[in-house]
Structures are given as C-alpha cells and as structure tokens.
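Trainee: The structure follows.
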Amino acid sequence: MSNEIEIGRGKRGRRAYSFDDVAIVPSRRTRDPQNVSLRWQIDAFEFSIPVIAAPMDSVMSPATAISLGQHGGLGVLDLEGLWTRYEDPTAQLEEIAALTGEDATRRMQQIYAEPIKEELITARLKEIRAAGVTVAGALSPQRTQEFYGTVLKAGVDLFVIRGTTVSAEHVSANDEPLNLKKFIYELDVPVIVGGASTYQASLHLMRTGAAGVLVGFGGGAAQTTRTSLGIHAPMATAVADAAAARRDYLDESGGRYVHVIADGGLGRSGDMVKAIACGADAIMVGAALARAEEAPGAGYHWGSEAHHPELPRGERVHVGTVGTLEEILSGPATTADGTTNLMGALRRSMATTGYSDLKEFQRVDIVVSPYQPH
C-alpha cells in the first residue's frame, strides 16, 4: 500500500493519523450556525446532539445520565461500576478523588472488589427510566452473559457492550466465549458494541447485527494501554477505516446502516468536530464531561482499566472542573480552550464549512496538517 513505510528491513507499517494530525478545510459555501442541525438517530431513538456519555464512574451517575438525556444526549451507566456495587457510593467516590500517589491504584482495586448486586442494576435503570429519558446501560463482554437478563428485565432502550477491544471472534480454551451474532439476534433491544480500531474488526462487528460500533482503542485520557500493552490506534485513521466498513457493509447487507461512534481521544471540541468529519455519526465522551460540576468524579477521571484486578491499564487523572454540564455542552464558554460549548463549536465548524447536518459534514475536506503547539 502506498501509505506503508519501512520500519526496518523485516517490518513495514501503515501510516496512521490522530486527530491532531489532520485539519478541516473550509469550502466555497458558509451557513448561519442557527441553520445547522446536530440531530442524529439510532434505531428508533432520536437525539438533538450526537453526544453519548462514556460509561465511566467519574462521568455518569443516574443523576448525570438523566441530566444529559434532558440536554438531548445519551447517558450510559456503567452497570459494573460503583452505582451497582454500593447502595450509596458517595463515600467511595469522595475517597477515590482524595487518593494520592502510588496507593491510588491499589485502593481502587479494593473498592471495586465489592460484588455487583443485581437489585442495584434494576434500581438504577428504573431511576433513569422514571425521569423519561432514553435508558442505556453498559456491560463488559466478560459480564454480559452473567447480567444481561437482569438488564433487559429492568428495561433498557439501548444496550452497550464495551471493552478495551471487542471482537466478533473471541477464542478461548477455557471459557465459552460470548457469541455476539447469536446474542444480538436474540435480544429485543438495539446493541452498541466496541471498541474496534480497524476496517476488518469494524466490518465483523457490523455483521453481528449491532446497531452501532464504538471505534477507538487506548486513546482516552485515563488509559495507559499504549504504555502498558504497546497497543494504540490513532483515532482519525480508525474512524475513517470504520466509516469505510460502514459503507461497504451497507452495500453487502442491501441497505443496513450501522452507526460509527468515535470513542476515545475526544477531550476537546476540535477533536469532536474532526471525529464527525472523519466519518463518525456520534461521539462517546468521557474526560470532556468529567469536567462538569455535576460529574461524580469531582474533577478526576478514570475508567474500568484503572482498577483491573490483575493488569491495570489506566490511571485516575485530574481533569479539573470547568463549568456546569449545560455550559460544557452548549455554553456560554468563558475560555477558548475547547472545553466548554462543545456543541456550539461543532455547529460553528459545520456552518463555516457550509454543511447543514451531520451526514453532510462527513463529506468535508480534510488535510494532513500536524498540529504544532506554541
């Protein structure tokens, strides 16, 4: 392939790009920002903004999931997190925010050793449903077979299977793997699954019947996958590859459209804009929403990788607090660093380049222009 480079005589590698490596190019047409639509729809569920909150305890509680839903997005609750392990996890959240030094990971492992309780899964999902917003919960592939019955009975609108990486073909000599195609076929609710980071992996997940595919691997602010496992997928290339898989699967399936959801490396508004431009239908956001005053992490951010009992591949990171959830999503912004009024930035970028909706904006011109910070 023309974009392969020689690493050494015995190994060639494909050049891949992060969001910092690319930039959007204006066209001959511009629009008024108020004439731009940010709406998107997955299955029967329509949202006014293309924002899905990552199922992470530092980002989503039942209350923040409800609030995001009321602001037009989709909150996804981690059904393996503190909210399904403790009746009231306030003390645990406060302790995690106060941890210091090398003891932080060890103590988090201890806190998350508390068993998951099925009755709390039911209670949390019913709380979100009672507020009248779309209900979404997430399980890892390892826990899906154990708890999905409880999740469905409690009543979810969208079911998310999210891991560091999820494959349609998991091989195990010890355990019966989750048969994604059979599992999704038997469910009565649409499933979003991921992450995937290549064209082939995305195509395989689309063939399982998933309604949406999460795209990203090791790119989040709280992940150390690249340093601990040596694995990383630059997001601009990963999203563009998944978008190509979506196009080819649309032809292969005779018209079935699977949504591509960028998941990782989306800390600021410019990254989110470029994710849509590279082909994403929506974005799954973690650190950007962890900066909200209402966020359970109190200015800190972490994912399930940070407390893995055997091989942590993430850290609890300080992201600070920049405003309310409403200010982060729709402003007004009081800084120019891309942490507030995220949707205003997306709307402005679409208007500046002349596009009226998200599907149109996926066709915007992009150039390779590595960012040089001052």
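The values are calculated or read from the model by the stated rules, or taken from the named source; none is laboratory data. Here the structure is a predicted model, which means the values were calculated and not measured. All Cβ positions, glycine included, derive from the backbone under ideal geometry; neighbour counts span all protein chains shown. Accessible surface is based on the protein model in full, side chains and every heavy atom, while ligands, DNA and RNA are left aside. Shrake-Rupley method; radii C 1.70, N 1.55, O 1.52, S 1.80 Å.
Trainee: When the dipole is taken about the Cα centre of the chain, and only Lys, Arg (+1) and Asp, Glu (-1) are charged at their Cβ, what size is it in debye, to the nearest 20?
Mentor: For this selection, approximately 1180 debye.
Trainee: Return the percentage of antiparallel bridges among DSSP beta bridges fully within the chain, rounded to the nearest 5 %.
Mentor: Rounded to the nearest five, the antiparallel share is 30 percent.
Trainee: At 1.4 Å probe size, what's the solvent-accessible area of Asp251? Round to the nearest 10 Å².
Mentor: Rounded to the nearest 10, the figure is 120 Å².
Trainee: So, one more: Kindly identify region 233-374 as rounded, prolate or oblate by the Cα gyration tensor criterion: order the square roots of the eigenvalues as a ≥ b ≥ c, call it rounded if a/c is under 1.5, otherwise compare a/b with b/c, prolate if a/b is larger, else oblate.
Mentor: oblate
Trainee: With unit charges on the beta carbons (Lys and Arg positive, Asp and Glu negative) and the dipole taken about the Cα centre of the chain, which residue among Pro190, Val213, Ala306 sits farthest to the positive side?
Mentor: So the residue we want is Val213.
Trainee: A further question follows. Percent of accessible area on the chain owned by carbon and sulfur, 1.4 Å probe?
Mentor: 47 percent
Trainee: I'm spelling it out carefully: the read-out is log10 I(q)/I(0) by the Debye sum over Cα atoms at q = 0.10, 0.15 Å⁻¹, the candidates are (1) -0.69, -1.45; (2) -0.60, -1.45; (3) -0.87, -1.23, and one was derived from this structure. Which label?
Mentor: Working out log10 I(q)/I(0) by the Debye sum over Cα atoms at q = 0.10, 0.15 Å⁻¹ from the coordinates points to (2).
Trainee: Which shape class applies to region 1-159: rounded if a/c is under 1.5, otherwise prolate when a/b exceeds b/c and oblate if not, where a ≥ b ≥ c are the square roots of the Cα gyration tensor eigenvalues?
Mentor: oblate
Trainee: Ignoring ligands, DNA and RNA, what accessible area per residue does the chain give at 1.4 Å, in Å²?
Mentor: Ligands and nucleic acids excluded, the figure is 46 Å² per residue.
Trainee: Using alpha carbons only, how many angstrom separate the centre of region 10-49 from the centre of region 287-364?
Mentor: Using only Cα atoms to place each centre, the spacing works out to 15 Å.
Trainee: With every protein chain in place, what's the accessible area of Thr321 (1.4 Å probe, Å², nearest 10)?
Mentor: 80 Å²
Trainee: Continuing with the same structure: Over all alpha-carbon pairs of region 207-315, lay out the pair-distance distribution in 5 Å bins, whole %, shortest bin first.
Mentor: Percent of pairs per bin, in order: 2, 12, 19, 19, 18, 15, 8, 4, 2, 0.
Trainee: What's the extension gain from Ala298 to Glu114 if we count 0.36 nm per residue and subtract their Cα-Cα distance?
Mentor: Going from the current span to full extension adds 64.1 nm.
Trainee: Collect residues whose amide H, placed 1.01 Å from N in the peptide plane, falls under 5 Å from the amide H of Ile231; neighbours closer than 5 in sequence don't count.
Mentor: The list, which skips near neighbours in sequence, is Arg226.
Trainee: Under 29 Å from the Cα of Lys181, which lysines turn up, not counting those fewer than eight places away in the same chain?
Mentor: Hits, sequence-local ones excluded: Lys117, Lys126, Lys153, Lys359.
Trainee: Let me ask something additional. What does the helix-only formula give at 222 nm for the chain: each DSSP H stretch with n ≥ 4 adding -39500 (n - 2.57), the total divided by the residues, and the result rounded to the nearest 500 deg cm²/dmol?
Mentor: -9500 deg cm²/dmol
Trainee: Roughly speaking, what is the stretch gain from Leu250 to Ala98, that is 0.36 nm per residue apart minus the C-alpha to C-alpha distance, in nm to one decimal?
Mentor: This chain segment gains 49.9 nm when fully extended.
Trainee: Aspartates and glutamates within cross-link reach of Lys274: Cα-Cα under 17 Å, excluding same-chain residues under 8 positions apart?
Mentor: List returned: Asp20, Asp21, Asp241, Asp263, Asp337, Asp357, Glu360, Asp365.
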